[in-house]
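Data block below; observations after.
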Amino acid sequence: MFAIVSDIHGNLEALTAVLAEIDRRGVKDILCLGDVVGYGPNPMECLDLVRQRARVSLMGNHDFAVFYEPFNFNSGAESACYWTRKQFENDPDVERRADRWKFLGNLPVRVRTNEFVAVHASPRRPVNEYIFPDDIYTNPGKFVSIFERFDKLCFVGHTHVPGVFLEGPDFYSPDELDYRFEVTDEKAVINVGSVGQPRDRDPRSSFVIVSENAVEFVRLMYDVDTTVKKVEAIEELDNFLGTRLLDGR
Ligand code: ZN
């Protein structure tokens, strides 16, 4: 049994709540699908916690942006990225600073086991491609191509919208699945949702617990008001990056 978290985005209140819930359930093994930093007010604290707690963390587009350069970012995201980079650079502890850069620069883009493949975004463009429920209607060829890239299960994050895509093509939200997906022979792309910035109109943190033949979707409320206040107190972070958390958009 293990937990998969993704898209923490510097939201320490959300991450600590999720880690406490994972501990409470006695789950030891954690996989992180990336975007530990970017948008939120506590990128370094979140990175340090993920380094301690996750077996692996993958390269997300915001991790890439802070380490290398932002790619296709809107102005709010870009400003947050440069602010985040400045926090890392301003840490006076030389060794800790170097360790963090080393960790960010060495994030793998994919994990592959006999049971599953995991990436931040999509199996064909692991760091940057969005797989949206609407693609079923607007871009069916994209689904065929994505499902050709893995054998059984593929875990993703990136859109901050949890749910399960089947080859049909079909999409099921956690609500429609009663928060539990039974794994069968059918291929599935499973989006675990976002810990630190959910965008499915539910402000609660999202993550999954994977057991033998099922994936459980978990939602968890955290102290969102504290995070919003922190965002509002930092000039380089657009206030919307705080207020959007209140209604999960
Ligand atoms: Zn993200």
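The values are calculated or read from the model by the stated rules, or taken from the named source; none is laboratory data. In this text, all values refer to a predicted model and were calculated from it rather than measured experimentally. Here the Cβ is made from the backbone with ideal geometry for all residues, glycine too, and neighbour counts use every protein chain on show. Note: accessible area is taken over every heavy atom of the protein model, side chains too, but ligands, DNA and RNA are not part of it. Shrake-Rupley method; radii C 1.70, N 1.55, O 1.52, S 1.80 Å.
Couple of notes before you dig in:
- Between the stretch 221-249 and the stretch 39-108, the alpha-carbon center distance in angstrom: 19 Å
- Of the GluC sites (Glu not before Pro) found in the stretch 204-249, those in coil by DSSP whose Cβ has at most 11 other Cβ atoms within 10 Å are Glu212, Glu235.
- Label-point separation in nm, Ile234 to Arg24, each point 7 Å along Cα→Cβ: 2.7 nm
- Taking 10 °C and 1.306 mPa s as conditions, the stretch 60-111 diffuses translationally at an estimated 136 µm²/s according to Stokes-Einstein applied to its Kirkwood radius (Cα pairs).
- Whole-number accessible area per residue in Å² for the chain, which is evaluated in the context of all protein chains at 1.4 Å: 45 Å²
- With the convex hull of its Cα atoms as the shape, the chain has an orientation-averaged projected area of 12.6 nm².
- Met221 accessible area, assembled protein chains, probe 1.4 Å, Å²: 90 Å²
- For Lys86, the lysines whose Cα comes closer than 29 Å to its Cα, not counting residues fewer than 8 places off in the same chain, are Lys102, Lys229, Lys230.
- Looking at the stretch 102-134, the trypsin sites (Lys or Arg not before Pro) that sit in a DSSP loop and have at most 16 other Cβ atoms within 10 Å of their own Cβ are Arg124.
- Cβ-derived FRET efficiency at R0 22 Å, Thr226 paired with Arg249, nearest 0.05: 0.70
- Loop-resident trypsin sites (Lys or Arg not before Pro) (DSSP state other than H, G, I, E or B) in the stretch 1-46 with no more than 13 further Cβ atoms inside 10 Å of their Cβ: Arg25, Lys28.
- The stretch 164-230 - percent of accessible surface contributed by carbon and sulfur, probe 1.4 Å: 43 percent
- Shape summary: the stretch 1-140 maps onto an equivalent ellipsoid whose semi-axes, from the alpha-carbon gyration tensor, are 24, 21, 14 Å in decreasing order.
- Peptides 147-157, 67-77, 179-189, 53-63, ordered by how many other C-beta atoms sit within 10 Å of their residues on average, highest first, read 53-63, 147-157, 179-189, 67-77.
- Straight Cα distances below 28 angstrom link Lys152 to the lysines Lys28, Lys142, Lys187, with same-chain residues fewer than 8 positions distant left out.
- The stretch between Arg110 and Asp151 holds 13.3 nm of extra length on full extension. This uses 0.36 nm per residue minus the Cα-Cα distance.
- In percent, rounded to a whole number, the relative contact order of the chain is 22, using alpha-carbon pairs under 8 Å and six or more apart.
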